[in-house]
Structures are given as C-alpha cells and as structure tokens.
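See below for the structure under consideration.
The values are calculated or read from the model by the stated rules, or taken from the named source; none is laboratory data. This is a predicted model, so every value here is computed, not measured. Please note: Cβ atoms are built from the backbone with ideal geometry, for glycine as well, and neighbour counts cover all protein chains shown. Only protein heavy atoms, including side chains, enter the accessible area calculation; ligands, DNA and RNA are left aside. Shrake-Rupley method; radii C 1.70, N 1.55, O 1.52, S 1.80 Å.
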Amino acid sequence: MFKGNGASPGVGIGKVLLLKHEEMNIQKKIVQDVDGEEKRFLDAVQISKSELEKVKEKALRELGEDKAEIFGAHIMVLEDPELIDATVNKIKEESVNAEYAFKEISDMFIGIFENMDNEYMKERAADIKDVSNRVLRTLLGIEVVDLSNLDEEVILVTNDLTPSDTATMDKNKVLGFLTNIGGKTSHTAIMARTLEIPAVVGLKDVTDKVKSGDFIVFNGETGDVVLNPDENTINEYRKLKEEFDKNRKELEKYKGKESKTLDGRHVELAGNIGTPNDIEGLIKNDAEGVGLYRTEFLYMDRDDFPSEDEQFESYKAVLEAMNPKPIVIRTLDIGGDKELSYLKMDKEMNPFLGYRAIRLCLDRKDIFKTQLRALLRASMYGNLRIMFPMISSLEELLEAKNILEEVKTDLDRENISYSKDVQVGMMIEVPSAAIISDILAKHVDFFSIGTNDLIQYTCAVDRMNEKIHNLYNPFNPAVLRLIKLVIDNGHKEGKWVGMCGEVAGDKRLIPMLIGMGLDEFSMSPISILPARKLINSLSYEEMKKISDEALKLATADEIQEYLKKVFA
Ligand code: PEP
Ligand code: MG
C-alpha cells in the first residue's frame with residue numbers, strides 16, 4: 001500500500017495507464033542501409049502528421065479554432081522542406097541514423113529561432129521543439145498516449161499533469177489520477193477537484209512502482225492506494241465507492257437550501273473555477289456565486305497572450321451564466337507553479353517569492369491593462385467583482401487601483417460602457433498584508449483570504465514540497481490567528497471577508513471559520529453541498545466560543561485535538 005495526499009474525494013477502482021515521459025536517449029550511429037533509414041524517417045514524419053491531424057480535428061470540435069490552430073502550425077513544421085530535406089541529406093551524406101540526423105537539424109533551427117529578437121519567431125522555436133519531440137518519440141518507439149482518445153476506462157499514473165493534459169483528456173474515461181508530485185493545493189489537485197475526478201498526489205515514486213495494465217484501487221480522501229489488491233480489498237473499496245456515491249446523492253437535498261447556521265447567520269458558499277467550462281460544476285453543485293475565477297488558465301497552454309476580446313468573451317460567459325450571482329474574477333496570478341511558455345522569465349531561485357502575480361502586472365502594465373479593459377467591458381453582463389492577487393503592501397494596492405482608474409478613464413473617453421458598481425477587493429495571502437489588513441481594509445470593498453499561499457508564506461513551507469508537507473498545516477495557530485485578525489479588521493471597516501484557499505472547503509475547519517465570522521467561503525464546487533450540510537448543523541454563537549478557545553491553544557496538534565473532542 002502507498003500513501004499520498006488525498007487531493008480529490010472519491011474512490012478509484014480500475015486499470016492503470018502509466019504516462020511516463022521517457023528520456024530520449026539519442027546516439028549517433030553509422031548505418032549501412034541509408035535508403036532504409038531515409039524511409040524510416042519519412043514514415044515517422046507521416047505518422048506524426050496523421051496523429052497531429054487527428055488532434056487538430058478534435059481540438060477544433062471541442063476547444064475552438066484558436067486552440068486547433070496551434071496544431072495546424074505544428075503540421076506546417078512537418079511540411080517544411082528545409083527541415084525535412086536537410087535531415088534526409090544528412091542521413092545520406094553522413095550515413096547516420098535518422099534520430100541523430102533529425103535531432104541535429106531540428107536543434108539547429110530551434111537555436112536560430114530562439115535567438116531571434118522577434119517574439120513571433122521565438123514561438124516558432126517552441127513549435128519546432130514540440131514537433132521534433134513527437135517525431136523522435138515515433139522513431140524511438142516511445143508510445144505517445146493521446147489522452148483525448150482513450151479506448152477504455154483508466155486510472156492515470158504520472159509524474160504530474162499539465163493543464164493541457166487535463167483540458168484535452170476524455171473525462172468519461174479517466175477514473176482517477178495518481179501523481180508523484182504535488183500537495184492538496186498544487187494546481188493538479190485543484191484541477192482534479194474541479195473536474196470531480198478522484199485523485200491522490202505526492203506519491204513520490206509511484207510511476208516506478210506500477211506498470212500499465214496493473215489493477216489499482218485508491219481513496220481520494222485519505223490518500224491510500226493499493227496496487228494489485230486481493231479480492232477482499234477490492235470488495236472493501238467497492239463498498240467504499242458505493243457509500244461515497246450514496247452520500248453524494250443524499251447531498252442533493254441541500255440544493256436550493258440557504259447556507260445559514262441553526263441560529264440564522266447567513267454565509268455565502270461560492271465556487272472556485274479556472275475556465276468557463278467549469279460553469280457546469282457550479283450549477284450542478286448550486287454555487288451561490290464564484291469566489292475565485294483563476295484567470296491564469298486562460299493564458300496557459302497557448303502561444304501568445306489572449307487578446308482583450310478573447311478574455312472579454314470568457315469573462316462574459318461566466319458573468320452571464322451566473323447573473324445576478326456575484327463573480328469574483330482574480331487578475332492574472334502567473335508565476336510560482338504556473339508558467340507561461342511564451343513569457344520568457346528569468347530562472348529564479350524562489351519563484352514563489354519572485355516575479356509573479358500583481359508584481360508582474362504592475363511591471364507589465366500592457367498585460368494588466370488589457371485584462372482590466374476586458375473585465376470592465378464584461379461587467380455589463382453580470383455582477384463582477386475584481387480581485388488583485390499577492391498584494392503585500394498598501395503601495396501595491398494603490399498602484400493597482402490607479403491603473404484600474406486609468407483604464408476606466410480610457411473607456412470613458414472611448415464611450416465604452418462598464419458597470420459603475422464593480423467591487424474591488426484583494427487577496428490576503430501574504431503575511432505582511434494580513435498584518436496591515438486594518439490599513440488595507442480602508443481601500444477595498446472586500447478581502448478574500450488565500451490560505452494556500454498564506455500558509456506557505458507564514459510558515460515558510462513550500463506548498464509543492466512533499467518532504468516538508470507535514471509542516472504545511474492549516475491548524476497552525478499562527479495561520480489561524482492571522483485569519484482571525486483579517487476578518488476582524490475587515491469587519492471594523494464594514495467590509496465583507498471571504499476565503500478562497502482550500503481551507504474554505506475543509507470540513508475540519510469550517511466550524512471555526514463560522515465562529516470567526518467569515519462571510520463568504522469559496523471552494524471547489526464539489527465541496528459546496530457538504531459544506532452547506534455542515535453549516536446548517538452549526539450554531540454561530542457556539543462556534544464563536546469554540547474558535548475563541550481554539551485560538552488560545554499553542555500548537556496545531558492541540559487545536560486539532562480540541563476540535564476533534566468538541567465535535568466527537
Ligand atoms: C491561495 O493562495 O490560497 C489561492 C486561492 O490562490 P492560488 O491557489 O491560485 O495560489
Ligand atoms: Mg495564491
């Protein structure tokens with residue numbers, strides 16, 4: 001049995017599909033049959049081309065023309081005579097193997113394009129690299145798994161999943177994910193919950209322990225995984241799955257119910273989303289709004305920044321679908337574990353402490369202003385709230401707000417309408433912001449506490465590092481005291497305070513958060529109905545006393561034990 005971090009609830013039972021990004025070991029070899037080698041190369045090009053045609057068609061059907069065009073560009077690379085003829089010539093002239101010849105030639109082109117001063121040309125380097133890897137894998141016989149076209153139901157086992165893996169995969173065939181890396185708040189874990197697919201992450205070396213075709217069962221809540229289980233264990237997990245499915249069905253009756261405590265305190269239960277595709281999950285789980293729309297996914301897995309119009313359409317889709325429910329859209333939070341291939345950023349020693357989120361936006365006003373224009377234009381279609389991430393000082397907040405005002409002035413001048421009622425808030429995810437939240441509260445309409453980062457920055461624990469995962473603890477009294485401070489400071493200024501980090505959906509902590517007076521809870525949509533059920537069973541006055549007691553305790557363990565005892 002292995003143990004990882006339970007990342008998305010549910011029980012997985014099924015056959016393993018191991019996705020291993022095998023190292024491509026390419027060596028120079030002298031060949032006798034030069035014609036045969038040329039044919040092997042041209043065949044591999046042809047196979048790669050027809051694979052790409054299929055991917056392009058599927059992308060066109062499911063993701064739209066823009067995404068499909070990426071693959072169109074890849075096909076064009078394979079039709080480029082300079083690349084193909086030069087490889088054939090090299091095979092012939094030097095009597096070398098196809099892999100070696102093609103790698104040498106494609107690396108040369110990649111180098112040329114990468115060194116050009118033109119952003120468009122630099123992107124071509126990325127296209128060539130992608131395509132060249134595909135051809136090389138075909139030549140080396142390394143299996144390429146197309147996640148969008150799976151023949152049977154599988155449990156994916158891999159090092160980590162990229163946003164494009166999750167965007168293109170066939171969700172009806174993937175019964176679960178198991179990954180080597182990641183914690184409960186890594187973006188793979190967040191994706192799994194959004195897709196409502198059970199998952200365990202941070203299994204360290206699970207990809208070395210299993211092979212495709214193995215049978216596996218796992219519990220996405222506890223993080224337990226059993227490889228090739230005996231009959232008894234399989235039955236045990238089947239029962240667990242039945243129970244899980246039954247509980248989920250029972251939660252249906254909480255749809256349409258108010259989110260209020262026994263003594264009548266109302267809170268708002270909103271959902272966290274990454275793309276307009278997630279609207280379905282919001283509706284299915286009866287979200288009362290969106291407390292966090294992570295816009296960075298709009299910027300990922302593409303060749304260039306999304307245009308103002310593209311962004312406008314995505315924001316409008318969510319605002320319109322959920323109108324008049326409030327939608328908190330967070331401005332670009334790139335950096336940390338989220339990278340953009342087309343935005344060349346210097347390698348940083350500590351990316352989570354580096355050039356990211358609002359810091360990048362204040363530096364690259366062009367990117368920031370485009371997003372703010374799209375947001376304001378979309379505000380005409382629903383109840384928009386704009387939120388800035390990673391604010392660590394008053395200066396940053398005021399600068400971001402100034403830029404927003406500049407954009408409004410531009411729109412006024414151009415006679416473009418936007419709503420005058422857009423609330424402007426900020427995330428509290430950096431301890432410095434929590435500490436001066438009394439000052440910041442005067443300048444915003446709301447706070448939303450981002451515990452995923454607040455824990456990592458307060459306790460100096462990398463949220464992605466499994467080795468120190470035991471230190472990443474939401475029960476840490478330092479974290480809980482900061483949360484209380486922020487809620488109190490917000491309320492003193494008459495502002496509402498929400499939470500959009502994963503703690504907001506954590507059943508173990510919801511009672512304390514209710515007691516602390518949190519107004520809004522935003523979580524993976526799948527957690528909304530269980531949270532409503534729990535909140536309906538609590539008394540606010542009682543929770544206030546319990547949270548006051550808990551906040552006096554000295555350690556995370558003491559707090560956790562105390563809460564367990566109270567709710568036993
Ligand atoms: C957070 O830090 O709590 C948060 C919600 O933002 P993200 O997980 O996207 O960093
Ligand atoms: Mg964050």
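From the list 69, 51, the one residue that fits, being within 32 Å of the chain's Cα centre (by Cα), under 30 Å from residue 176 (Cβ atoms) and of a type in the set (D, E, K, R), is 51. Residue 379 - would you say it is assigned by TED's automatic domain parsing to the domain that holds residue 308, within 16 Å of ligand 1 (Cβ to nearest atom) and in contact (Cβ under 8 Å) with a residue 40 or more places away in the chain? For residue 379, the condition - assigned by TED's automatic domain parsing to the domain that holds residue 308, within 16 Å of ligand 1 (Cβ to nearest atom) and in contact (Cβ under 8 Å) with a residue 40 or more places away in the chain - is not met. For the range 72-91, the condition of being more than 28 Å from the chain's Cα centre (by Cα), surrounded by fewer than 18 Cβ atoms within 10 Å (Cβ to Cβ), outside the structural domain of residue 342 (by TED's automatic domain parsing) and not in a helix (DSSP H, G or I) holds for at least one residue. Only residues that are out of contact with any helix residue (DSSP H, G or I) (no Cβ under 7 Å at 6 or more places or on another chain) and surrounded by 17 or more Cβ atoms within 10 Å (Cβ to Cβ) were counted across the range 146-172, and they come to 7. Can you tell me which residue is nearest to residue 106 (Cα to Cα) among those in the range 137-159 that are in a strand (DSSP E or B) and of a type in the set (Val, Ile, Thr)? For the range 137-159, the residue satisfying everything is 158.
A quick yes/no check of all residues on (1) away from ligand 1 (no atom under 16 Å from the Cβ); (2) within 20 Å of the chain's Cα centre (by Cα); (3) assigned to a strand (DSSP E or B); (4) surrounded by fewer than 22 Cβ atoms within 10 Å (Cβ to Cβ):
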position: 316; (1), (2), (3), (4): yes, no, no, yes
position: 321; (1), (2), (3), (4): yes, no, no, yes
position: 329; (1), (2), (3), (4): no, yes, yes, no
position: 333; (1), (2), (3), (4): no, yes, no, no
position: 362; (1), (2), (3), (4): yes, no, no, yes
position: 387; (1), (2), (3), (4): no, yes, yes, no
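Listed here are the helices (runs of 4 or more DSSP H) enclosed by the range 426-482 that have at least 2 residues being closer than 25 Å to residue 349 by Cβ, touching a Ser or Thr at 6+ places or on another chain (Cβ under 7 Å) and open to solvent by 10 Å² or more (accessible area, probe 1.4 Å): 431-435.
Suppose we keep only residues that are buried (at least 18 other Cβ atoms within 10 Å of the Cβ) and touching a Phe, Trp or Tyr at 6+ places or on another chain (Cβ under 6 Å) within the range 11-44. Which one would you say is nearest to residue 159 (Cα to Cα)? The qualifying residue nearest to residue 159 (Cα to Cα) is 12.
Taking residues in the range 459-483 that are in contact (Cβ under 8 Å) with a residue 12 or more places away in the chain, and partners anywhere that are buried (at least 18 other Cβ atoms within 10 Å of the Cβ) and basic (Lys, Arg), the pairs with Cβ atoms closer than 7 Å and at least 6 places apart or on different chains are 472/463.
For every residue, the table says whether it meets (1) open to solvent by less than 10 Å² (accessible area, probe 1.4 Å); (2) in the same structural domain as residue 196 (by TED's automatic domain parsing); (3) within 16 Å of ligand 2 (Cβ to nearest atom).
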position	(1), (2), (3)
493	no, no, no
500	yes, no, yes
512	yes, no, no
525	yes, no, no
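Rundown of residues vs (1) over 19 Å from residue 330 (Cβ atoms); (2) part of a strand (DSSP E or B), yes/no style:
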residue	(1), (2)
404	no, no
415	yes, no
420	yes, no
424	no, yes
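Here residue 175 clears all of (1) within 29 Å of residue 237 (Cα to Cα); (2) crowded, with 23+ Cβ neighbours inside 10 Å except the condition numbered (2).
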